[in-house]
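The values are calculated or read from the model by the stated rules, or taken from the named source; none is laboratory data. Remember, it's a predicted structure, so these values are computed and weren't measured experimentally. Note that we place each Cβ from the backbone using ideal geometry, even for glycine, and neighbour counts take in every protein chain shown.
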Amino acid sequence: MPLYSYFVAREAAGGFGGFVKVPFGATVLEPFLYMLLFLAVYAGINVGVAKLMHNDVSFKNVLARYGALAIIPGCGLVLANFLQLISLNFVGALVYLVTLVAFLLASVTLVFSIDADRETEGGLDSFYGLLITSVVMMLFFFLVGMSLVDRMVNQMPFLW
C-alpha cells in the first residue's frame, strides 16, 4: 500500500517539472512500519476475541489465517502497483480501491473463521466479536492518528 502511494506521489511530483522530490523513507518505509504495528495489534485483538469466544488459537494461527485470507488482496496490490508504474493511473486506482475493499472483507472474514473452529459451546458470538474488534481498532486508529497529527503540527513552522 505505501509503495502505491509513493508511485502516485512521484507521478504527481513529476507534473510539477520534477522540482518536488518524494522521499522514499517517509512515503514507504514509515507507513510500512505502521502497517506492521497495525497487523500485530489486529492479530492480538483477534486472539483476545477468540479467547472470549472460548476458542483456543495462538497468535501465529491468527496471523496465518489472516495471511491466507489476504493473498488475493495482496496480489491486487501488486497489480495496482504495476499498473501505476506503467502509467495506467485510472485502472490502477480502481484496482487499488477494489483491493482495499477486499482487505476489509478479509479482516471481517477472519473473525468468522476463528468462530468456525470453536469446539465448545458458549462464549462470545461472532457478531459481538466482530463488533469488539471493530471498536478497539477504531480506538487504535484514533490514537495513532492523533499522534501523527500532533507530530505533524509540531514540525510545522508557525505562520503567525
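Of everything in region 14-50, what is of a type in the set (A, V, I, L, M), surrounded by fewer than 16 Cβ atoms within 10 Å (Cβ to Cβ) and more than 19 Å from MET152 (Cβ to Cβ)? Give them in sequence order. Can you show your working first?
Here is the first cut: in region 14-50, the ones of a type in the set (A, V, I, L, M) are 20, 22, 26, 28-29, 33, 35-37, 39-41, 43, 45, 47, 49-50.
Retained after the next criterion (residues that are surrounded by fewer than 16 Cβ atoms within 10 Å (Cβ to Cβ)): 20, 26, 29, 33, 35-37, 39-41.
Once the filter is applied, which keeps residues that are of a type in the set (A, V, I, L, M), surrounded by fewer than 16 Cβ atoms within 10 Å (Cβ to Cβ) and more than 19 Å from MET152 (Cβ to Cβ), region 14-50 yields LEU36, LEU39, ALA40, VAL41.
Have a look at ILE45, ILE86, ILE72 and point out the one that is of a type in the set (A, V, I, L, M) and over 28 Å from THR133 (Cβ atoms). Give the derivation first.
Details: ILE45 fails: over 28 Å from THR133 (Cβ atoms); ILE72 fails: over 28 Å from THR133 (Cβ atoms).
Exactly one residue qualifies, and that residue is ILE86.
Which pairs have Cβ atoms under 8 Å, sit 6 or more apart or on different chains, and link a residue in region 91-111 that is under 12 Å from ALA70 (Cβ atoms) to one that is surrounded by 13 or more Cβ atoms within 10 Å (Cβ to Cβ) and among the aromatic types (Phe, Trp, Tyr)?
Between residues of region 91-111 that are under 12 Å from ALA70 (Cβ atoms) and residues that are surrounded by 13 or more Cβ atoms within 10 Å (Cβ to Cβ) and among the aromatic types (Phe, Trp, Tyr), the close pairs are ALA106/TYR66; SER107/TYR42; SER107/TYR66; LEU110/TYR66.
Check GLY123 against each of (1) touching a His at 6+ places or on another chain (Cβ under 8 Å); (2) under 16 Å from MET1 (Cα atoms); (3) not basic (Lys, Arg) and name the one condition it does not meet.
Among (1) touching a His at 6+ places or on another chain (Cβ under 8 Å); (2) under 16 Å from MET1 (Cα atoms); (3) not basic (Lys, Arg), the lone unmet condition for GLY123 is (2).
For region 7-42, which positions are among the hydroxyl-bearing types (Ser, Thr, Tyr), more than 19 Å from LEU131 (Cβ to Cβ) and modelled with pLDDT of 85 or more? Walk me through it before giving the result.
First, the residues of region 7-42 that are among the hydroxyl-bearing types (Ser, Thr, Tyr): 27, 34, 42.
Now narrow it down to the ones that are more than 19 Å from LEU131 (Cβ to Cβ): 27, 34.
Of everything in region 7-42, just one residue is among the hydroxyl-bearing types (Ser, Thr, Tyr), more than 19 Å from LEU131 (Cβ to Cβ) and modelled with pLDDT of 85 or more, namely TYR34.
Would you call LEU148 modelled with pLDDT of 90 or more, assigned to a helix (DSSP H, G or I) and of a type outside the set (Lys, Arg)?
Details: modelled with pLDDT of 90 or more: no; assigned to a helix (DSSP H, G or I): yes; of a type outside the set (Lys, Arg): yes.
So LEU148 fails the test.
Can you tell me which residue in region 126-147 is nearest to VAL49 (Cα to Cα), limited to those that are more than 16 Å from the chain's Cα centre (by Cα) and surrounded by 12 or more Cβ atoms within 10 Å (Cβ to Cβ)? Break it down into steps so the answer makes sense when it comes.
We begin by selecting, within region 126-147, every residue more than 16 Å from the chain's Cα centre (by Cα); these are 126-132, 146-147.
When the remaining residues are screened for being surrounded by 12 or more Cβ atoms within 10 Å (Cβ to Cβ), the result is 126, 128-132.
Numbers: SER126: 9, TYR128: 9, GLY129: 6, LEU130: 8, LEU131: 10, ILE132: 8 Å.
Across region 126-147, the extreme among qualifying residues is GLY129.
Has region 64-81 got any residue that is surrounded by 17 or more Cβ atoms within 10 Å (Cβ to Cβ) and free of Cβ contacts under 8 Å to residues at least 24 places away in the same chain? Let's see the steps before the verdict.
First, the residues of region 64-81 that are surrounded by 17 or more Cβ atoms within 10 Å (Cβ to Cβ): 65-66, 69-70, 73, 76-77, 80-81.
Restricting the remaining residues to those that are free of Cβ contacts under 8 Å to residues at least 24 places away in the same chain gives none.
Among the residues of region 64-81, not one is surrounded by 17 or more Cβ atoms within 10 Å (Cβ to Cβ) and free of Cβ contacts under 8 Å to residues at least 24 places away in the same chain, which makes the answer no.
Which of the helices (runs of 4 or more DSSP H) found entirely inside region 1-105 contain at least 2 residues meeting this: among the charged types (D, E, K, R) and out of contact with any Ser or Thr (no Cβ under 9 Å at 6 or more places or on another chain)? Steps first, answer last, please.
Details: elements: 2-14, 30-52, 59-69, 71-85.
Ranges flagged: 30-52.
Given the conditions (1) under 22 Å from ALA102 (Cβ atoms); (2) β-branched (Val, Ile, Thr); (3) at pLDDT below 90, which single one is not true for ILE72?
(3)
Within region 50-62, can you find the residues that are among the aliphatic types (A, V, I, L, M) and either over 17 Å from PHE112 (Cβ atoms) or more than 19 Å from the chain's Cα centre (by Cα) (or both)? Can you show your working first?
So the first thing to find is which residues in region 50-62 are among the aliphatic types (A, V, I, L, M), and the list is 50, 52-53, 57, 62.
ALA50, LEU52, MET53, VAL57 - these are the residues of region 50-62 that are among the aliphatic types (A, V, I, L, M) and either over 17 Å from PHE112 (Cβ atoms) or more than 19 Å from the chain's Cα centre (by Cα) (or both).
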